[in-house]
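Report on the following structure.
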Amino acid sequence: MAQKVLLTGGSGFLATHVLKELLQHGHEVVTTVRSDDKGRFLLNMFEGQPLTYTIVKDISAEGAFDEAVKSDPPFDAVIHTASPYHFDVKDNKRDMLDPAVNGTTGILKAITKGAKSVKHVVITSSFAAIVNPSTPPKVYNEETWSDMTWEKALAATEGGIVYRASKAFAEKAAWDFVETHKPTFALTVLNPPLIYGPVIHQIASLAGLNTSNKRILNMMHGNPVSPGTPIFVDVRDLALAHVRSIEVPEAANQRFFFTAGIGTDKQMGDVIRKNFPDIAKNLRDDLSDTIPPYKFDNSKSIKILGVKYRSLEATIVDTVKSLQQLGA
Ligand code: NAP
């Protein structure tokens, strides 16, 4: 049945795919963006479809979502994807931890206060909230939690560590909120690792490409690639999972480790070498091929959300084609 959905951060790499999928499934969407320019881009892209936007400039601010959650007719579901994902962090708390954590608790508070019609909230978390380097399990699944501490997060000098902490604390805050406030909505959390795939969101230039796809761009150009977890998912599969999460009753109150499986940098490079001979000469010979000593279990996402994961080859080929269309 068609639902009215509030989607946060509609201008992002993932969120624009979620928006596309929501509209394809017949849902009506209001999305939050930070500027009219970003909102107009989306209205133009999805012209004639049941889409409007509302401005939320900074998700860290107290009460940021208080007005956005109000709508007539009211919302049935909320999908919260907005959160900073970059490594340019000057102040760990202000630039990364606050928007992630306050953004998450802020939207849950706003719904509880002003949007009692909402039956389902979906939050984009991350493998960063699962990965536990100090005591890794033999098999990673939804039971595993990050071992990050607030002290480590505040003291970290690497943007990647602060980002991972922001995702872990934001997800913990969401489950704590549900535990404490016992809201009337159900919560679903999706935990993807590195997301790759075609770019359909607005970018001013390739320099402004989203953080995960920048790894593929760097590979194509022979630049050093930032360290990354050797598991992946296609943005289109994850977008569909966000939509299924509000449609499938069994997804309520579940956490989903959402990965297609292993994809080392070397394996991605091999896909590029095989499918794009013109770029092959640019590929570095020091791409990491480290396969971790633990396994990954994505069976719950397949069983409940019914998603068929795209292969590494399909994902990387379509990512490269999309980046080439953007001038890479
Ligand atoms: P993205 O393209 O950078 O999207 C992030 C979105 O959040 C953008 O819409 C951005 O708005 C918005 N945002 C960030 N800080 C904000 C703030 N302070 N106030 C208001 N809006 C803010 O990144 P993405 O890869 O699509 O990430 C989407 C979600 O997936 C995030 O929650 C991220 O943590 C999660 N995730 C991503 C990956 C990955 O590999 N890409 C992996 C795991 C989880 P602007 O467009 O205006 O900047």
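Among beta bridges from DSSP that stay inside the chain, the antiparallel ones total about 5%. Relative to the longest principal axis of the Cα atoms of the chain, helix 13-24 runs at roughly 60 degrees.
In the chain, once you exclude exposed GluC sites (Glu not before Pro) (DSSP loop, at most 11 other Cβ within 10 angstrom), what's the longest stretch remaining?
That would be 159-328.
When Rg and Dmax are taken over the Cα atoms of the stretch 65-142, they come to 15.8, 49 Å.
Debye sum, Cα scatterers, the stretch 112-169, no solvent: what log₁₀ I/I(0) at q = 0.16, 0.20, 0.28, 0.30 1/Å? Log-scaled intensity ratios, in q order: -0.61, -0.77, -1.12, -1.22. The tail of the calculated P(r) for the stretch 233-328 beyond 19 Å holds 52 percent of all Cα-Cα pairs.
Note down the Stokes-Einstein diffusion coefficient of the stretch 181-234 in µm²/s, whole number, using a Kirkwood radius over alpha carbon pairs, 10 °C, and 1.306 mPa s. Using the Kirkwood radius from Cα pairs, D works out to 117 µm²/s.
Within the stretch 282-319, the trypsin sites (Lys or Arg not before Pro) that combine a DSSP coil assignment with at most 16 other C-beta atoms in a 10 angstrom radius are Arg284, Lys308. Debye calculation, C-alpha points only, no solvent: report log10 I(q)/I(0) for the stretch 241-293 at q = 0.17, 0.27, 0.29, 0.31 Å⁻¹, in the same order as the q values. Cα-only, vacuum Debye calculation for the stretch 241-293: -0.67, -1.03, -1.12, -1.19.
The accessible surface of the stretch 171-300, taken with every protein chain in place and a 1.4 Å probe, is 52 percent carbon and sulfur.
Shape descriptor for the chain: Rg over Rh equals 0.95 (Cα atoms; Rh from the Kirkwood inverse mean 1/r). With all protein chains kept in place, the per residue accessible area of the stretch 185-237 amounts to 28 square angstrom at a probe of 1.4 angstrom. Here the alpha carbons of the stretch 81-195 define both size measures, Rg and Dmax, at 14.4, 43 Å.
Over all alpha-carbon pairs in the stretch 14-62, figure out the percentage whose distance exceeds 16 Å. Value for the stretch 14-62 (Cα pairs over 16 Å): 36 percent.
With contributions of -39500 (n - 2.57) from each DSSP H run of at least four residues, the per-residue ellipticity at 222 nm computed over the chain stands at -12000 deg cm²/dmol. Overall, the chain carries a charge dipole of about 260 debye about its Cα centre when +1 sits on the Cβ of Lys and Arg and -1 on the Cβ of Asp and Glu, all other atoms neutral. Per-residue 3J(HN,Hα) values for the stretch 312-328, derived from phi via the Karplus relation 6.51 cos²θ - 1.76 cosθ + 1.60 with θ = phi - 60°, read 4, 4, 4, 5, 6, 4, 5, 5, 4, 4, 5, 5, 5, 5, 8, x, 5 Hz in sequence order (x marks Gly and Pro). Given the pairs Lys4/Lys70; Lys152/Lys295; Lys70/Lys93, which are separated by over 21 angstrom at their Cα positions? Pairs exceeding 21 Å: Lys152/Lys295; Lys70/Lys93.
Once the convex hull of the alpha carbons of the stretch 174-271 is built, what does its volume come to per residue, in cubic angstrom?
137 Å³
Computed over the alpha-carbon atoms, the stretch 280-320 gives an Rg to Rh ratio of 1.10, Rh here being the Kirkwood radius from the mean inverse distance. Listed by chain and number, the lysines placed with their C-alpha closer than 18 angstrom to that of Lys214 are Lys266, Lys321; residues fewer than eight positions away on the same chain are left out. A DSSP coil position with no more than 13 other Cβ atoms inside 10 Å describes the following chymotrypsin sites (Phe, Trp or Tyr not before Pro) in the stretch 217-325: Tyr294.
The values are calculated or read from the model by the stated rules, or taken from the named source; none is laboratory data. As the structure is a computational prediction, the values presented were derived from the model and not from experiment. Every residue, glycine as well, gets a Cβ built from its backbone with ideal geometry; the counts of neighbours run over all protein chains shown. With ligands, DNA and RNA removed, areas are computed over all heavy atoms of the protein, side chains included. Shrake-Rupley method; radii C 1.70, N 1.55, O 1.52, S 1.80 Å.
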